[in-house]
Amino acid sequence: MSRVQKNEKENDQAGELRSRIERQKAKSSLPKRSKVHQNKKKKSKVKIKLPMIQLLALFFILLPIGFYSLYTYFQDRPLPVTKSDQVVLKEEDKESIPTTATAEDLKEKESAKAEAEKEKEEAEAKAKAQQEAKEKAKAQQEAEEKAKAQQEAEEKAKVQREAEAKAEAQQEAEEKAKAQQEAEEKAKKAAAEKKNVQAAKPDKEGYKVVLHTVQGEETLFRISMNYYKSQEGIALIREWNGLKGNEISKGQVLKIPIKK
């Protein structure tokens, strides 16, 4: 190998070393990733803050301009006309109309006004008449209803009186019939007692015979106690009437022998 080639090779090696040293210096001079991210965030915040400030500045610039434009708009715009203003304007228009109307026009206006007033009066009179007729019909209806209610009350009272009189008459008739029945029963009882107490002709043994009609719930014992004041008369009554036992029936006529 020649010397020249050796020199070139050494130069190349020296260049590579220099390039390596430069790359290492460049790597050592580069910032860390966290710092890079922080720098990015700061830049973005600055970028965001700047547009907000610009917008606020633009808003404060445009605000007075907007107020001024609104003020000029409402100044140039005509005001709305109210009803009172319209009335005033109409009156002014009427006053400003030239008085060139003829006598005929005035006469027609007066006649039209009179007709309108007449129609108004007729309508009012008609409405009044209708109201009076309505009130009259209402009063008549109320009077008819009152009279009808009074008539119904009278009829009801009459029916009630008739029913009470009928009930009283029926009660009196029932009481009268009851009294008559009691009188008849009393008369029958008196006649039966009179018949029972009547005396018969005395027989050979010196007895007189009394006919006795058996009443309800009477027994030989009671009959004997009634006539003889003792039980001894039971056998005598059985003997004289041909009775085999002490059984007797209501309405049966018994011979009661009584010593003289």
For region 52-71 versus region 200-260, the gap between their alpha-carbon centres in whole angstrom
151 Å
Can you tell me how region 138-178 classifies by the Cα gyration tensor, rounded, prolate or oblate, using a/c under 1.5 as the rounded cut?
prolate
Summed residue charge, Cβ within 14 Å of residue 113's Cβ, Lys/Arg positive, Asp/Glu negative:
-3
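Sort 73, 207, 228, 68 by heavy-atom solvent-accessible area, probe 1.4 angstrom, most to least.
Sorted by accessible area, descending: 68, 73, 228, 207.
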Packing-based ranking, highest mean first, of 214-223, 155-164 given that Cβ atoms within 10 Å are counted
214-223, 155-164
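The values are calculated or read from the model by the stated rules, or taken from the named source; none is laboratory data. A quick note: this is a predicted structure, and the numbers were derived from the prediction, not measured. When we count neighbours, we look across all protein chains shown, and the Cβ atoms used for this are built from the backbone with ideal geometry, even at glycine. For the accessible areas, the whole protein counts, side chains as well, though only heavy atoms, and no ligand, DNA or RNA atoms are used. Shrake-Rupley method; radii C 1.70, N 1.55, O 1.52, S 1.80 Å.
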